[in-house]
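For reference, the structure discussed in these notes is given below.
The values are calculated or read from the model by the stated rules, or taken from the named source; none is laboratory data. Just so we're clear, the structure is a prediction, and the values are computed from it rather than from any experiment. We place every Cβ from the backbone using ideal geometry, glycine too, and count neighbours over all the protein chains shown.
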Amino acid sequence: MTPMATLEETLAEAVATGKLGSVVSVRAMLHLPGEESDLETAASVVLSLSGRLVGSETGSLVARGHGSGRQLNLLLRLDAGPIVSLSLTRGSVDQLELALVVVGNHGVIRLEGAELAEEIGLSAEAFAVADDAWLERIRAVAG
């Protein structure tokens, strides 16, 4: 199983317990090492994961990037109600860092830090293969 699949399965199992309740928001901060990472591609991967987690992908997407090209922020307001907020950076850390907070109407799941990414086996390569549908949407609003 890939590290991304492990992360997705872990989150899905946590949500399936019902202790969290209905997912109302997902907040992710992803810091990628190196200057070569494509932030839009990485964002498409995280949006795809988030969409599957909340069970919806339709909604309004807003994207804002920094002029340096080293930071990208996205806000997705899903038609079903939840909100997904992402902040991505590249070149500001030595190893991948991921902070992920899933808020439900009854609880919170919080995963964060370089230790989490290392424990799961996540690397920048896990965010280098785009979800084409999300990438197209991101480019349409970021352009």
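For the residues LEU72, LEU47, LEU78, the requirement of being modelled with pLDDT of 90 or more, in contact with a strand residue (DSSP E or B) (Cβ under 6 Å, 6 or more places away or on another chain) and buried (at least 16 other Cβ atoms within 10 Å of the Cβ) singles out LEU72. Every residue in the stretch 89-135 that is among the charged types (D, E, K, R) and surrounded by 13 or more Cβ atoms within 10 Å (Cβ to Cβ), please. Listed by number, the residues that qualify are ARG90, GLU97, GLU112, GLU118, ASP131.
What number of residues within the stretch 85-137 are under 20 Å from SER60 (Cα atoms) and among the small types (Gly, Ala, Ser)? Going through the stretch 85-137 one residue at a time, the tally reaches 4. Here LEU61 fulfils each of the conditions (1) closer than 20 Å to ALA128 by Cβ; (2) crowded, with 16+ Cβ neighbours inside 10 Å apart from (1). Kindly establish whether GLN71 is over 19 Å from LEU49 (Cβ atoms), touching a Pro at 6+ places or on another chain (Cβ under 7 Å) and of a type outside the set (Val, Ile, Thr). Spelling it out, it is not the case that GLN71 is over 19 Å from LEU49 (Cβ atoms), touching a Pro at 6+ places or on another chain (Cβ under 7 Å) and of a type outside the set (Val, Ile, Thr).
In the stretch 46-73, what count of residues is obtained for those that are assigned to a strand (DSSP E or B) and either under 26 Å from ALA16 (Cα atoms) or in contact with a Lys or Arg (Cβ under 7 Å, 6 or more places away or on another chain) (or both)?
Going through the stretch 46-73 one residue at a time, the tally reaches 4.
Scanning the stretch 23-71 for residues that are under 18 Å from ASP94 (Cα atoms) and β-branched (Val, Ile, Thr) returns no hits. Being touching a Leu at 6+ places or on another chain (Cβ under 6 Å) and outside any strand (DSSP E or B): is that true of ALA43 here? In short, yes. Here GLY67 does not qualify as at positive phi and surrounded by fewer than 19 Cβ atoms within 10 Å (Cβ to Cβ).
Can you spot a residue in the stretch 78-89 that is under 13 Å from the mean Cα position of the chain (by Cα) and assigned to a helix (DSSP H, G or I)? Give the steps one after another, and end with the answer.
Within the stretch 78-89, the first condition is being under 13 Å from the mean Cα position of the chain (by Cα), and the residues that meet it are 83-89.
Still in the running and assigned to a helix (DSSP H, G or I): none.
No: zero hits.
Checked across the stretch 6-22, the condition of being touching a residue at least 12 places away in the same chain (Cβ under 8 Å), closer than 21 Å to VAL129 by Cα, among the acidic types (Asp, Glu) and crowded, with 16+ Cβ neighbours inside 10 Å holds for at least one residue.
Note on the stretch 10-44: residues that are among the hydroxyl-bearing types (Ser, Thr, Tyr), in contact with a strand residue (DSSP E or B) (Cβ under 7 Å, 6 or more places away or on another chain) and under 21 Å from PRO82 (Cβ atoms) amount to 2.
Reported count of residues in the stretch 94-132, each being touching a residue at least 40 places away in the same chain (Cβ under 8 Å) and assigned to a helix (DSSP H, G or I), is 5.
Of the numbered criteria (1) surrounded by fewer than 18 Cβ atoms within 10 Å (Cβ to Cβ); (2) in contact (Cβ under 8 Å) with a residue 60 or more places away in the chain; (3) more than 22 Å from GLU118 (Cβ to Cβ), the one SER56 fails is (2).
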